[in-house]
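**Q** This structure is in structure tokens; I'll ask about it shortly.
The values are calculated or read from the model by the stated rules, or taken from the named source; none is laboratory data. Keep in mind that this is a model prediction, so the values were computed, not measured. Positions of Cβ are backbone-derived with ideal geometry, glycine not excepted, and every protein chain shown enters the neighbour counts. Accessible surface areas use protein heavy atoms only, side chains included; no ligands, DNA or RNA. Shrake-Rupley method; radii C 1.70, N 1.55, O 1.52, S 1.80 Å.
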Amino acid sequence: MKRILIVAVAVACFCLVGSAAHAGWGTCSGCHNDAMAIGKEAILTKYTSVEALIKGAQESDSPMMAKIKQDVEGLKAAAIELGLKSEKE
């Protein structure tokens with residue numbers, strides 16, 4: 001029983017570390033698939049810059065976005081992966 005618990009904890013830690021290393025659109029795409037939330041094309045139409053996407057995400061009232069709103073670097077990475085540019089460029 002202890003062995004199963006140790007393996008389960010190890011797998012969970014591995015998954016958490018892996019997901020943090022791959023923050024960005026991969027984190028968002030699970031929900032932003034046009035079924036649960038607006039998809040990639042709608043996001044690209046709605047937001048024209050990295051800053052606009054970050055601001056829009058942070059202003060979201062969705063409880064699903066509560067933790068994501070605090071991850072500015074993850075939001076920035078997602079925006080860049082989507083091809084958005086910074087307003088400063």
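**Q** Once both labels are modelled 7 Å past Cα along the beta-carbon direction, what's the residue 48-residue 85 spacing in nm?
**A** Result: 1.2 nm between the two label points.
**Q** Share of segment 23-89's accessible area from carbon and sulfur, percent, 1.4 Å?
**A** Carbon and sulfur atoms account for 54 percent of the accessible area of segment 23-89.
**Q** Cut-off under 17 Å on the C-alpha distance; same-chain residues fewer than 8 positions from residue 69 excluded. Which lysines are left, in chain and number order?
**A** Straight-distance partners of residue 69: 55.
**Q** Between residue 41 and residue 66, how many nm apart are label points set 7 Å from Cα along the C-beta direction?
**A** The two pseudo-label positions are separated by 3.3 nm.
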